[in-house]
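A.B. asks: My questions will all concern the structure given below.
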Amino acid sequence: MLALCVLNQKGGTAKTTTAVHLAARYAADGVQTVLLDLDPQGHAARCLGVDSAMPSATARLLREEASLAEVVVEARPELSLVASAGDVAQVAAALPPADGVYRLADEAEAFRDYGAVVIDCPPELGVLTLAASALVADLVSGGARGGLVVPVTPEPLAVVGLSDLLKTQRRLEPRGVMPPVFAVVPTRVDSRNRVTREVAEALEATFPGRVSPGVRTTVRLAEAPNVGQTIYEYDPGGRGAEDYSSVARFLVELAETNHAQA
Ligand SMILES: Nc1ncnc2c1ncn2[C@@H]1O[C@H](COP(=O)(O)OP(=O)(O)OP(=O)(O)O)[C@@H](O)[C@H]1O
Ligand SMILES: [Mg+2]
């Protein structure tokens, strides 16, 4: 099983685009996949052309009102979605801090029925992101492959910006709340650009062997959510589809390598 928590506290680094397309790729390859949206912006549903019901599936799960099986919708063949909406922000604010972080981990058993679990986090390191990472930490400690997947856009301070995340990760890992960084995904890359090349080198130095192939900038990836389609449906022969398939394959290979080393 593959368990991936897609996070970066910085906004707009292509977390949602990455989470949706990893999940869509694995599902299209025949892996029973669940995509869990923890962002109150609810963009994952939009990317898949699914209307968010109210109260949202994520809110009901976090409030322990319903089980995973009761809240998922079948967004595509093999692809179950736990859709989020604005009400998740209120649920998060009302969660008891100590207990809230473990709300999803308490449901880990239900997630183990899937071959791939992919979580889209909001751009912060608050209780929602920690609840997501605690679930993935639980799945990984139970034998799943994976951990944190961090999409990074090539900007001069991109790597420096990761130091806060790494500090938090190191503090929380011993408490079982955050698994290690499994992979870093360079997004919106333009290989002709000097900054892109420098960021790619700095990432490889910090996370040797864990930097995935980059996802090139393409307006098609920005357009696809407007019609509720994944890039595999909207532009299957284009570079967005090609690049996300490469990232998905890289993560599977990384999981298999880790397995071989264990
Ligand atoms: N490779 C790409 N090329 C062009 N546009 C992209 C690419 N990847 C993502 N985008 C676009 O960039 C914007 C931000 O992407 P996305 O919503 O995935 O980021 P995010 O990290 O989830 O944002 P937030 O922090 O708000 O949750 C979106 O409009 C998306 O369509
Ligand atoms: Mg997002």
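A.B. asks: Have a look at Thr206, Thr153, Thr33 and tell me which one the Gaussian network model of the chain (Cα, springs below 10 Å) gives the largest fluctuation.
C.D. replies: Of the options given, Thr206 has the highest mean-square fluctuation.
A.B. asks: So what is the diffusion coefficient of the range 1-55 in µm² per second by Stokes-Einstein at 10 °C and 1.306 mPa s, using a Kirkwood Rh over Cα pairs?
C.D. replies: Values: Rh = 12.1 Å.
Taking Rh from Cα pairs, D becomes 131 µm²/s.
A.B. asks: Could you tell me what a quarter of the Cα convex hull surface of the range 49-150 works out to, in nm² with one decimal place? Provide the component values of the computation, followed by the final result.
C.D. replies: On the way: hull surface 26.4 nm².
In nm², the orientation-averaged hull projection of the range 49-150 is 6.6.
A.B. asks: For the range 165-207, just list the percent of Cα-Cα distances falling in each 5 Å bin from zero outward, please.
C.D. replies: Taking all Cα pairs of the range 165-207, the binned fractions are 5, 20, 23, 17, 14, 12, 8, 3, 0 percent.
A.B. asks: Semi-axes of the equivalent ellipsoid of the chain: what are they in whole Å, largest first, if each equals the square root of 5 times a C-alpha gyration tensor eigenvalue? Don't skip to the end; give the middle numbers.
C.D. replies: Details: eigenvalues 131, 93, 62 Å².
In descending order the semi-axes read 26, 22, 18 Å.
A.B. asks: Compactness ratio of the range 101-249: Cα Rg over 2.2 N^0.38 Å, N = residue count?
C.D. replies: Taking the Cα Rg and dividing by 2.2 N^0.38 Å, one obtains 1.11.
A.B. asks: How do 192-200, 232-240 rank on mean C-beta neighbours within 10 Å, highest first? Present the calculation step by step, with values, prior to reporting the outcome.
C.D. replies: Details: 192-200: 14.6, 232-240: 16.3.
Highest to lowest by the protection proxy: 232-240, 192-200.
A.B. asks: Is there a quick way to get the dipole size of the chain? I mean about its Cα centre, with the Cβ of Lys and Arg at +1 and of Asp and Glu at -1; what is the value in debye to the nearest 20?
C.D. replies: Working: 23 positive and 32 negative charges, 161 e Å.
Approximately 780 debye in magnitude.
A.B. asks: Still on this model: Percent relative contact order of the range 2-261, based on C-alpha pairs within less than 8 angstrom and at least six residues apart? Write down the numbers at each step before the final one.
C.D. replies: On the way: 518 pairs, mean separation 64.1, N = 260.
Relative contact order, the range 2-261: 25 percent.
A.B. asks: Output ³J(HN,Hα) for the range 29-46: one whole-Hz value per residue in order, computed from phi by the Karplus curve 6.51 cos²θ - 1.76 cosθ + 1.60 with θ = phi - 60°, and x for Gly and Pro.
C.D. replies: My calculation for the range 29-46 gives 7, x, 8, 5, 10, 10, 10, 10, 9, 9, 8, x, 5, x, 6, 4, 4, 4 Hz in order.
A.B. asks: Taking K and R as +1 and D and E as -1, what net charge do the other residues with C-beta under 15 Å from the C-beta of Gly11 add up to?
C.D. replies: On the way: positive: Lys10, Lys15, Arg188; negative: Asp39, Asp120, Glu124, Glu155, Asp164.
After counting each charged neighbour, the total is -2.
A.B. asks: Here is a follow-up. Over the chain, with a Gaussian network built from C-alpha contacts below 10 Å, which listed residue (Gln90, Gln229, Gln32) shows the highest mean-square fluctuation?
C.D. replies: Of Gln90, Gln229, Gln32, the Gaussian network model singles out Gln90 as fluctuating most.
A.B. asks: Quick one: among Pro208, Pro151, Pro186, which has the greatest mean-square fluctuation in a GNM of the chain with alpha-carbon springs under 10 angstrom?
C.D. replies: Pro208
A.B. asks: Still on this structure: Per DSSP H run of at least 4 residues, take -39500 (n - 2.57); add these up for the chain, divide by its residues and hand me the 222 nm value, nearest 500 deg cm²/dmol. Spell out each step's value before the answer.
C.D. replies: On the way: 13 runs with 120 residues, N = 262.
The helix-only estimate for the chain comes to -13000 deg cm²/dmol at 222 nm.
Read-outs throughout are calculated quantities, based only on the coordinates presented, and are distinct from any laboratory measurement. Because the structure is a prediction, the values reported are computed rather than measured. Counting neighbours? That spans all protein chains shown, and the Cβs are built from the backbone with ideal geometry, glycine included.
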